[in-house]
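Below is one structure, written out as structure tokens; comments come after it.
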Amino acid sequence: MLLVLLVLTAGRCAAEVANLSGTWRLNVNKSSWSGVRRPEMVVLQIDHREPVLKFAGTVDHPNEETRHFAFDGLIDGKEYPAQRSYGTGAVVFKRINDHTVSSAFRSDDGQCLESTEIVVAADGRTLRQHIKLTTPAGKREWTEVYERRSVP
């Protein structure tokens, strides 16, 4: 009986969706920039209550003003309005598995496409974001690694 209970509990725990909530700070040195201009600092504030996803963040580049970004919607495969540094558009968030979410952004003019795969480590301490961006200037791809600083 105890073995059955342990197996059922382990299976249920394995199926729990990773919680993205908290404050995340970019680890610039662990990230892979592939020729993309690397920021000095990025901080994310995430409130995640599956499927609700709200986040806000700031990006600091040397000798530039701080840029802000935000999202308030659901991880449900539906389009939501979004603002990126390259314009307004729509974004779709989809759950891939318990630790992975994908997003796809398309600018209103169709010239900028961004796809992202977000993976939370099993221990919940790191978040990896692999980004592919297509703009009139060409294609770019890079990976950002974030470390959780606090959990609400």
Residue 21 passes all but one of the listed conditions (1) of a type in the set (Gly, Ala, Ser); (2) surrounded by fewer than 15 Cβ atoms within 10 Å (Cβ to Cβ); (3) more than 26 Å from residue 141 (Cβ to Cβ); (4) modelled with pLDDT of 90 or more; the exception is number (2)
Output yes when any residue across the stretch 101-124 is within 21 Å of residue 38 (Cα to Cα), out of contact with any helix residue (DSSP H, G or I) (no Cβ under 7 Å at 6 or more places or on another chain) and exposed (fewer than 15 other Cβ atoms within 10 Å of the Cβ), and no when none is. no
Any chance residue 96 is β-branched (Val, Ile, Thr), exposed (fewer than 14 other Cβ atoms within 10 Å of the Cβ) and at pLDDT 95 or above: yes
Strands (runs of 3 or more DSSP E) wholly in the stretch 48-91 with at least 3 residues that are at pLDDT 90 or above and within 22 Å of residue 19 (Cβ to Cβ) - which ones? 52-60, 67-74
Over the stretch 125-152, the set of residues buried (at least 17 other Cβ atoms within 10 Å of the Cβ) and not in a strand (DSSP E or B) is none
Pairs where the first residue, in the stretch 108-128, is more than 19 Å from residue 143 (Cβ to Cβ) and the second is among the small types (Gly, Ala, Ser) and not in a loop (DSSP other than H, G, I, E, B), C-beta under 6 Å, 6+ apart: 108/89
Looking at (1) closer than 18 Å to residue 131 by Cα; (2) part of a strand (DSSP E or B); (3) in contact (Cβ under 8 Å) with a residue 40 or more places away in the chain, which is the only condition residue 36 fails? (2)
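The values are calculated or read from the model by the stated rules, or taken from the named source; none is laboratory data. Note that the structure is predicted; figures quoted are calculated from it, not measured. Cβ coordinates were reconstructed from backbone atoms using ideal geometry, including for glycine residues, and neighbour counts include every protein chain displayed.
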